[in-house]
Amino acid sequence: MIPTIRSGRGNIGPLVRSNATSATSFLLVLALAMLAAPVAAQAPAKDDLARARALDREGAKAYGEARYNDAIRYFEEAYRLGGPAFELWNVAKCYLRLDQPEQAAEMLERYLSMPNLPKEDREEASQQLDTLKRRPSPLTVSSTPSGAQVMLDGKKIDGRTPLSISVAPGQHTVTVSSAKAAPIARQVDARYGRAVIVDVSLAGEGRPAPPENPYEESDAATISLRGALNLSIPRHGSIGGRAGPGFLALGTYKLTEAGPVSIAAGGFLSLAADSWGNRTNTTNQTPTCGPLRDAQSATALSVFGIGTASVRLGSSVRLTGIGGLGLAGYFVDHVGGDLFAPSCDPSPGLRPTLLLGAQVDYALTQRVRLSAFPLTWQIHSAFGGARSDPRDASGAWMRIGIGVGAGVDL
């Protein structure tokens, strides 16, 4: 039921009261509204108040004559000139008569945001807004061909398409299927009792469903596996290293997705062949072992736990940022040269290390990806036995990598 339009302080019928009591009440409400306004606000002029009262009367008259669009204009202008807050409620009632519940709800929320509303008015307007929001919506589902099965939020609906049912407000999943076609799901939002229509085209008898787009990324994939060959450029404290070949591998599990953005967690492996010079011209031998073999090369291995954040830039391209913490180790038999004090039994140990990187994927098919790693950056403290004199390798060790590879999404 739609409450009657208000003019002054009382409920009235289709026509406006024109007696002195109504006029006095209207001016009293306007005065109270002015007193409740912030001190910095400028009070309406006396002429504006008279115009607001006249517009309010015309609005009530238009409402009684079912001229609801005219009534809205009158009530809104009366409120603009300093009329009481219930002018907004009057506008909401007009929108209800025009079957525009969205606009009515907006006006009711605006009215209820006003301070110092009478308790009974606030309760009635709140109840009216709640009723609007709880309106069930008619849902009509049709298909080509007809006679398909319908499920609503995973529950089977009696009957076959075309069919109509009533649904509660909120978001719902409507799934339409037949024995000869793959199910089609649609997300719908039922609001303010508005009709919701779902119309789908199913594959007809003897016609298979169209193939998947091989270049469209699969949103259902949760596991990503990648491998890449890369160029590794190390730096050992203040000593630059020689660029060498390397290998990257990573796997992630998608934790959540919101629109084009997804968050994942997993692991990252980095393997690189390091080599360095001997500009100090030190002897690569020890009294116990004699000349050292391959004293200026080693295999670097790093393992990380990682988190990734990626954004889909198109149907075929995804950009991913990588961050992680892990351990770095050096696999070596003999060491010497610029980096280490000569040793035939080195113990470089493991070092905590930080990883930052970027990854770009291009979809070759719905599962297969071409991947590029334009930047991977690792940093950790120096390994045990690193020189500090005559050349200093005891500072932070870093490694920059650039690689390309491929992978799959499962």
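Throughout, read-outs are computed from the coordinates displayed, never taken from laboratory work. Owing to the predicted nature of the structure, the values given are computational and were not obtained by experimental measurement. For neighbour counting, all protein chains shown are included, and Cβ atoms are generated from backbone atoms with ideal geometry for every residue, glycine included.
General remarks:
- Order of Ser142, Ser371 under a 10 Å beta carbon neighbour criterion, fewest first: Ser142, Ser371
- 22 Å Cα cut-off, lysine pairs counted over the range 78-204 (separation 8 or more, or different chains): 5
- Cβ-to-Cβ counts within 10 Å put Asp56, Asp130 in ascending order as Asp130, Asp56, the fewest first.
- Computed 3J(HN,Hα) for the range 156-167, one whole-Hz value per residue from the Karplus formula 6.51 cos²θ - 1.76 cosθ + 1.60 where θ = phi - 60°, is 5, 9, 5, x, 10, 5, x, 8, 9, 9, 9, 10, glycine and proline marked x.
- Each part gets one Cα centre, and for the range 298-361 versus the range 373-396 those centres are 12 Å apart.
- Stretch gain in nm, segment Asp199-Thr365, where the contour uses 0.36 nm per residue and the Cα spacing is subtracted: 56.8 nm
- For the range 145-152, putting each phi into the Karplus relation 6.51 cos²θ - 1.76 cosθ + 1.60 with θ = phi - 60° gives couplings of x, 6, x, 8, 7, 10, 10, 10 Hz, in residue order, rounded to whole numbers and with x for Gly and Pro.
- Using a Förster distance of 22 Å, the FRET efficiency for Ala273-Ala358 (Cβ separation, nearest 0.05): 0.45
- Extension reserve of the Leu350-Arg134 stretch, reckoned as 0.36 nm per residue once the Cα distance is removed: 71.5 nm
- In plain terms, the residue of Phe331, Phe383 with the fewest other Cβ atoms within 10 Å comes first and the most crowded comes last, giving Phe331, Phe383.
- Take the Cα of Glu257, step 7 Å toward its Cβ, do the same at Val408, and the gap between the two points is 1.8 nm.
- Label point 7 Å beyond Cα of Leu327 along Cβ direction - residues of the range 285-310 with amide nitrogen under 16 Å: 300-306
- Between the range 80-131 and the range 232-254, the C-alpha centres lie 65 angstrom from each other.
- Karplus (6.51, -1.76, 1.60) ³J(HN,Hα), θ = phi - 60°, over the range 232-249, in Hz, Gly and Pro reported as x: 9, 10, x, 9, 10, x, 8, 10, x, x, 8, 5, x, x, x, 9, 10, 9
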